[in-house]
1. I need every pair where a residue in segment 213-227 that is not assigned by TED's automatic domain parsing to the domain that holds S106 has its Cβ under 8 Å from the Cβ of a residue that is in a helix (DSSP H, G or I) and exposed (fewer than 15 other Cβ atoms within 10 Å of the Cβ), sequence separation at least 6 or different chains.
2. Could you tell me whether D202 is buried (at least 17 other Cβ atoms within 10 Å of the Cβ), more than 22 Å from P122 (Cα to Cα), free of Cβ contacts under 8 Å to residues at least 60 places away in the same chain and among the charged types (D, E, K, R)?
3. Among the polar types (S, T, N, Q), in contact with a Lys or Arg (Cβ under 7 Å, 6 or more places away or on another chain) and either in the same structural domain as E118 (by TED's automatic domain parsing) or closer than 24 Å to P74 by Cα (or both): does that describe T199?
4. Among the listed residues L87, L70, L65, L143, identify the single one that is closer than 30 Å to A182 by Cα and modelled with pLDDT of 90 or more.
Amino acid sequence: MMNLNHAMLALVLSFFFVITQLSTPVQAGSDLQFLASTTDQEGVLYGPPIPSQIPTLASRSGSNLPKDVLTITPQTLAYTVQKGDSLYEIAKVFGTSPQALSQMNSIANPSLLTVGQELQVPNINNQQITTDYKIKQVLSADLTAYTAGPESTGKSPGHPAYGITASGKYVKDQHTIATDPAVIPLGTKVYIEGIGIRTSEDTGGAILGNRIDVYMNDLKEAIQFGVKRNIKVYILEDSDVSA
């Protein structure tokens, strides 16, 4: 009776193994060699034959890999000026100085804030933000900074092309970057570690390969920026784009 039960079990397991093998794709050229089945002292089969070589899984292409939604911890956050706000009070709330806020937002006269005006303020609580973008690609790049002035573009205020990018749009602080279109096409949004989300809207004769020029309004700030090497850059796409 025991041998009959064992035989029935072996038959069921063998049938399951055959069905599994038939439903599993095998790579061309795979050579499946089977070892002897496991048996007990009475020679009764316990389970299906075990393959000595298991076909490797085909590697998944990059386009089929799951894409993470970009979550960032920006250095600054956007704050909208409310009625009764002053630069002093805003600075106090966000743990900084009125002078720092003025410089950060290129404010010439701190007393001329307007309701609805958007300011960049320090992210003192390291607040994370989930963006509307997915990560398409990650690369390393060298960063430099430029301005719209003659020191970077050869054009001065009053020139008909002053401040106009290769895309035809005007440069914008904390928005515009220049890239090599062969690496990062115009119109592409990227997240640069330590910088934030920027949009490729400009090019430059010296901006080749994995090099990015970050636009800044302030010449002194651009000079102090210097050169930053091997910075991680995330190429983004809208989160509703199918994988």
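1. Sorted first by the residue in segment 213-227, then by its partner, the pairs are D218/Q103; L219/E151.
2. Working: buried (at least 17 other Cβ atoms within 10 Å of the Cβ): yes; more than 22 Å from P122 (Cα to Cα): yes; free of Cβ contacts under 8 Å to residues at least 60 places away in the same chain: yes; among the charged types (D, E, K, R): yes.
For D202, the condition - buried (at least 17 other Cβ atoms within 10 Å of the Cβ), more than 22 Å from P122 (Cα to Cα), free of Cβ contacts under 8 Å to residues at least 60 places away in the same chain and among the charged types (D, E, K, R) - is met.
3. Values: among the polar types (S, T, N, Q): yes; in contact with a Lys or Arg (Cβ under 7 Å, 6 or more places away or on another chain): yes; either in the same structural domain as E118 (by TED's automatic domain parsing) or closer than 24 Å to P74 by Cα (or both): yes.
Judged against the criteria, T199 is a match.
4. Values: L87 fails: closer than 30 Å to A182 by Cα; L70 fails: modelled with pLDDT of 90 or more; L65 fails: modelled with pLDDT of 90 or more.
The conditions single out L143.
The values are calculated or read from the model by the stated rules, or taken from the named source; none is laboratory data. The structure presented is a predicted model; accordingly, all values stated were derived computationally and were not measured. When we count neighbours, we look across all protein chains shown, and the Cβ atoms used for this are built from the backbone with ideal geometry, even at glycine.
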